[in-house]
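Here's the structure, in structure tokens; my notes come after.
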Amino acid sequence: MSWVALLDYGSVLIFALTGALVASRAQLDPIGFIFIAALTAIGGGTVRDVLLDRNPIFWIGDPLYLAVAAGAAITVFFTAHLLESRLRTLVWLDSFALAIAVAAGAGVALNLGQPAPVVIVMGMITGCMGGLMRDVVVGDVPVVLKQGELYVSAAFAGALAAWVARDVFALAFPALAIGAGATWSLRAGSLAFGWSLPVYKSRPPRS
Amino acid sequence: MSWVALLDYGSVLIFALTGALVASRAQLDPIGFIFIAALTAIGGGTVRDVLLDRNPIFWIGDPLYLAVAAGAAITVFFTAHLLESRLRTLVWLDSFALAIAVAAGAGVALNLGQPAPVVIVMGMITGCMGGLMRDVVVGDVPVVLKQGELYVSAAFAGALAAWVARDVFALAFPALAIGAGATWSLRAGSLAFGWSLPVYKSRPPRS
Amino acid sequence: MSWVALLDYGSVLIFALTGALVASRAQLDPIGFIFIAALTAIGGGTVRDVLLDRNPIFWIGDPLYLAVAAGAAITVFFTAHLLESRLRTLVWLDSFALAIAVAAGAGVALNLGQPAPVVIVMGMITGCMGGLMRDVVVGDVPVVLKQGELYVSAAFAGALAAWVARDVFALAFPALAIGAGATWSLRAGSLAFGWSLPVYKSRPPRS
């Protein structure tokens, strides 16, 4: 199995867990859990594959991805009540899924020989779109829009790091590991220590 | 005309009626009716065709689908005030559209020789995505998320039934009819008799 | 550069400005500005290209589009506080972006020799989808749904005008200019003078 496929499996699994946790907050039935979990898990990679005209889409070529998402959803349906804080678990799982998916998206674009802007955008899309779809469908404020948190910015930095590292090492694995590591470090630093970029203020401080 | 194309026409017509009813609740103008009706009517099948890389997309190859959706929208614009309950009509029409679209989606995937998980997911996507887009765009709670109702579950069961029936009968029409029938029976049972699956409860009853 | 590519550049630039203005209202950070600006700027054309199976998608074939969107976003991040009314600026910029994007969408479909309904729908999709995605993601009421305003209707009329003009003149540029002009005139008339189509009333006046 290629590194990129392994990353896709990892992000599908973890994003599916986050989708199922959101389904638990919406009190859905088991098929509802699977629906939201699968949408979250395969959403970003599906948009990536459609845009890059990959054929077949990754989960159509290998439906095992769907089984992974469904299994994760059912597991959460029966175990979520054991968690101390579902919201906290959701946010941290989402940070891992984001990091892995950014690397998977950048890796696919790198393998296709795409130029840097496309590599970076595909990393961001693969990382952010699944969670965005999950949040829009259930009516939550999309996590990509949370003020004062690094999310899209972490994805951007990680995808950029993956592209730079690939140029330096000319090897796929270290580049993707660096991309995932950079994304996760920034996202985790934002969650744990409040790292953020300055946000737009409509009334800037007087100079 | 193939059975699948006939099912596509049927689901386009009925989903367009539901979209136009939603437009009437949002008090849009006639072009707004056509917009929401067309989005609902062709949304699910469009996602299906993009994912399966069918070319052209069904309504680009045969723009008559668009005319059907537009005609349905205009008809509703001038007649919706005659209905006793627009919401009740909407919910029941939606159940028929769901059933027919699930069969159409599964039928397309079966014709392409896709494996069971892809057949089932394409049935669910074709059935659920149009209504999901309609509800997200107008800001309603998506009907796929209604607690204590069978919707995604009905689509899942119907698509599964279509796949099993195709395996048993090796004939397209009975399989698709069984898929549509199973979907509609479950959805209608949920609407009329409150059939549902157990939903996730954060505090499970003590045993 | 073809007329259609020029229109795509124009609509990407102006839609990116509108996306960044929406990001300023949501008080995002600079990468958040770029994200919403790019989603708005390339969203409609991306849907058009995916549906028409154009390969590559316009901004994957020429990543300069992404640079234009990012540059517009950063410019707005540093200058939006100079505007007297960001909402007013947003609405008027959006009217120009709509007009140009409708022409770009219709132009692509005309170049591919698509029939009239597909030309019109592609004009409408390219014009309306980017703004629709922008509004759905940030949780605003989509501008396409604003009651008593011409928006989708202006896009429809402009795309229709482009198609008729192409038939009359058999030349691309005048047809696209007429399409953009018709769209903008109707949208601007709606904003400035309240032009509208009759909307659906659940209780029609007694005759």
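Quick note: the coordinates plus some simple rules give every number you see, no bench work behind them. Just so it is clear, the structure is predicted and the values come from calculations on it, not from any experiment. We place every Cβ from the backbone using ideal geometry, glycine too, and count neighbours over all the protein chains shown.
Just add up the charged neighbours of A:V76: K/R +1, D/E -1, any other residue whose Cβ is under 14 Å from the Cβ of A:V76.
+2
Over chain C, with a Gaussian network built from C-alpha contacts below 10 Å, which listed residue (C:L191, C:L28, C:L83) shows the highest mean-square fluctuation?
C:L83
Counting only other chains, and only Cβ atoms inside 10 Å, what mean value do you get across the residues of B:116-125?
Other-chain Cβ atoms within 10 Å of each residue's Cβ, averaged: 3.
What average number of partner chain Cβ atoms lie no more than 10 Å from the Cβ of the residues making up A:20-27?
Counting other chains' Cβ atoms within 10 Å and averaging over A:20-27 gives 3.
Where a Cα-Cα gap under 14 Å defines reach, which aspartates and glutamates qualify for A:K146, not counting those fewer than 8 residues away within the same chain?
A:D94, A:D135, C:D29
Nearest 500 deg cm²/dmol is fine: what mean residue ellipticity at 222 nm does chain C get from its DSSP H runs of n ≥ 4 alone, each adding -39,500 (n - 2.57), divided by its residue count?
-25500 deg cm²/dmol
Based on the alpha-carbon gyration tensor of chain C and its eigenvalue square roots a ≥ b ≥ c, which shape applies: rounded if a/c is under 1.5, prolate if not and a/b is larger than b/c, or oblate?
The shape class here is oblate.
So for chain C, averaging the separation of alpha carbon pairs under 8 Å that are six or more residues apart and normalising by length, what relative contact order in percent results?
Value for chain C: 22 percent.
How far is it, in nm, from the label point at C:T75 to the one at A:S2 when both lie 7 Å from their Cα along the line to the Cβ?
So the two model labels end up 3.9 nm from each other.
Among B:I57, B:I42, B:I178, which one shows the highest mean-square fluctuation when chain B is modelled as a Gaussian network with alpha-carbon springs under 10 Å?
Maximum among the listed residues: B:I57.
What are the distances, in nm and sorted shortest first, from the label point of A:H81 to the label points of the same position in each other copy, with each label point placed 7 Å from Cα along the Cα-to-Cβ direction?
Taking the point 7 Å beyond Cα along Cα→Cβ, the inter-copy spacings are 5.2, 5.2 nm.
If one computes the Cα centroid of region B:153-207 and of region A:104-154, what distance in Å separates the two points?
34
Taking the Cβ of A:G32 as the center, what net charge do the other residues with Cβ under 10 Å away carry, scoring Lys and Arg +1 and Asp and Glu -1?
Here the charged neighbours net out to -1.
Using a Gaussian network model on chain A with a 10 Å cutoff between Cα atoms, which of A:L17, A:L64, A:L176 fluctuates the most?
Its mean-square fluctuation being the largest, the pick is A:L64.
For peptide A:33-43, how many partner chain Cβ atoms fall within 10 Å of a residue's Cβ, on average?
2
Is the protein assembly as shown rounded, prolate or oblate when judged by the Cα gyration tensor, a ≥ b ≥ c being the square roots of its eigenvalues, rounded requiring a/c under 1.5 and prolate requiring a/b larger than b/c?
rounded
Gain in length, B:A177 to B:N55, computed as 0.36 nm per residue apart minus the alpha-carbon separation, to one decimal in nm?
41.4 nm
I need the inter-copy label distances for B:L112: point set 7 Å along Cα to C-beta, values in nm with one decimal, smallest first.
The projected label point of B:L112 is separated from its counterparts by 1.7, 1.7 nm.
In the neighborhood of A:Y151, defined by Cβ-to-Cβ distances under 10 Å, what is the net charge if each Lys or Arg adds +1 and each Asp or Glu adds -1?
Result for the local shell: -1.
Placing a label point 7 Å from Cα toward Cβ, how far apart in nm is B:N55 from its equivalents in the other copies, listed shortest first to one decimal?
0.4, 0.4
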